[in-house]
Every structure is written in C-alpha cells, then in structure tokens.
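In what follows, a structure is listed as structure tokens, so that the remarks can point back to it.
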Amino acid sequence: MTTDDIQYYFILGVSYTLIPKKYTHYVFSFFMALLMSCIMSFVITVFNVGMVEDIIILWLKAWLFAFSVAFPTVVLVSPIVKKLVGVFVSTDK
C-alpha cells in the first residue's frame, strides 16, 4: 500500500485516515456487534433487574461482556448469513 492509496478526510481541521476497503467485513462486524450488544444488553438488564438506581453501571458491565462475545460471533457468522440470504432471496429485479 502506498501513500497514494490512503484516503483522508478532515473534521474541524483535523485529518483522519479512512479504513481501507479490504477491511469492510471487520468494520461492518464491529458496528453491528456494537449496536446490537448495546441494545440487547440494555433490554435484558432492564428486564432482569428493572429500572434500579444503578442500572447504568449494571448495563455497561453487561454491554462490555456482550460486545466481547458479539464481535467475534458476527465476524464468524456473517459470511454464513450472507450465503443463507443468497439462497432465500431472488436475483430477479
């Protein structure tokens, strides 16, 4: 990879490097796991203990654990899911 292959963007005068396209699967997996584990851990924590005083601490602990399981799971399972979707979805427009 050369410096010509790296893309940059600027926010408030600060330069950021974009992640190369070959890592799309991992970036997708990261954000999917982050959002799903966030939502699910909150819902399950509230379901189990209710809206108690320290719900945020309980939820953050659950979220950390859930994300540590969800990320590698999404990385491993998403190619299988893509193949399953291809079986069930028509290619006709």
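Of note:
- Residue count for the stretch 1-53 satisfying the condition of being open to solvent by less than 80 Å² (accessible area, probe 1.4 Å), assigned to a loop (DSSP other than H, G, I, E, B) and either at pLDDT 95 or above or within 27 Å of residue 74 (Cα to Cα) (or both): 5.
- Residues satisfying the stated conditions in the stretch 61-93, i.e. assigned to a helix (DSSP H, G or I) and open to solvent by 80 Å² or more (accessible area, probe 1.4 Å): 61, 64, 65, 76, 80, 82, 83, 84, 87, 88
The values are calculated or read from the model by the stated rules, or taken from the named source; none is laboratory data. If you're wondering where the values come from, they're calculated on a predicted model, not measured in any experiment. We work out accessible area using only protein heavy atoms, side chains counted, and drop any ligands, DNA or RNA first. Shrake-Rupley method; radii C 1.70, N 1.55, O 1.52, S 1.80 Å.
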